[in-house]
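Asker: I'd like to ask some things about the structure below.
The values are calculated or read from the model by the stated rules, or taken from the named source; none is laboratory data. As the structure is a prediction and not an experimental result, all values here were calculated from the model. So basically every Cβ, Gly included, is an ideal-geometry build from the backbone, and we count neighbours across all protein chains shown. Heavy atoms of the whole protein, side chains included, go into the accessibility calculation; ligands, DNA and RNA do not. Shrake-Rupley method; radii C 1.70, N 1.55, O 1.52, S 1.80 Å.
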Amino acid sequence: MKHGASDFLTKPVNDEDLLAAVRVAIQKDRDRRREQTELSEIRTRLATLTPREREVLEYVVAGKLNKQIAGELGTVEQTVKVHRAHVMEKMRVRSVAELVRLTERCGISGR
């Protein structure tokens, strides 16, 4: 709706309809604020990554194997494993699937 309106009420307004509309608007605002807070936290974690870790992250979320990433970056597989471990730790995730979900929420796609 225009300018953030969540509902239109016609006069005379029934008290129950007004209270219901206010409750819905408050819940929508809570949800929006929670989402913004979560995105801010994810972006803060992303900001802790080094440029090389960020590169590795993009390859990981694209589904590349360590060996493939090493080839693309011109490094050895062991170095990629170290960067990947740092990425997982700094992003506070335990699986690649979790990492993919977080990065998708921030609009980051794989290489």
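Asker: Could you check segment 85-98 and list, in sequence order, the residues that are under 14 Å from R52 (Cα atoms) and open to solvent by 60 Å² or more (accessible area, probe 1.4 Å)?
Answerer: Passing the criteria: H86, K90.
Asker: Let me ask something else. Hey, any hits in segment 54-73 for a residue that's over 19 Å from E98 (Cα atoms), at pLDDT 95 or above and in a loop (DSSP other than H, G, I, E, B)?
Answerer: Within segment 54-73 (the criterion being over 19 Å from E98 (Cα atoms), at pLDDT 95 or above and in a loop (DSSP other than H, G, I, E, B)), the answer is no, since none of the residues qualifies.
Asker: Does R101 qualify as being basic (K, R), part of a helix (DSSP H, G or I) and surrounded by 12 or more Cβ atoms within 10 Å (Cβ to Cβ)?
Answerer: When the stated conditions are applied, R101 passes them.
Asker: Can you tell me which residue is surrounded by the most Cβ atoms within 10 Å (Cβ to Cβ) among those in segment 40-53 that are in a helix (DSSP H, G or I) and touching a helix residue (DSSP H, G or I) at 6+ places or on another chain (Cβ under 9 Å)?
Answerer: That would be E53.
Asker: Further question on the same structure: If we scan segment 58-71, do we find a residue that is in contact (Cβ under 8 Å) with a residue 40 or more places away in the chain, charged (D, E, K, R) and surrounded by 11 or more Cβ atoms within 10 Å (Cβ to Cβ)?
Answerer: Yes, segment 58-71 contains at least one residue that is in contact (Cβ under 8 Å) with a residue 40 or more places away in the chain, charged (D, E, K, R) and surrounded by 11 or more Cβ atoms within 10 Å (Cβ to Cβ).
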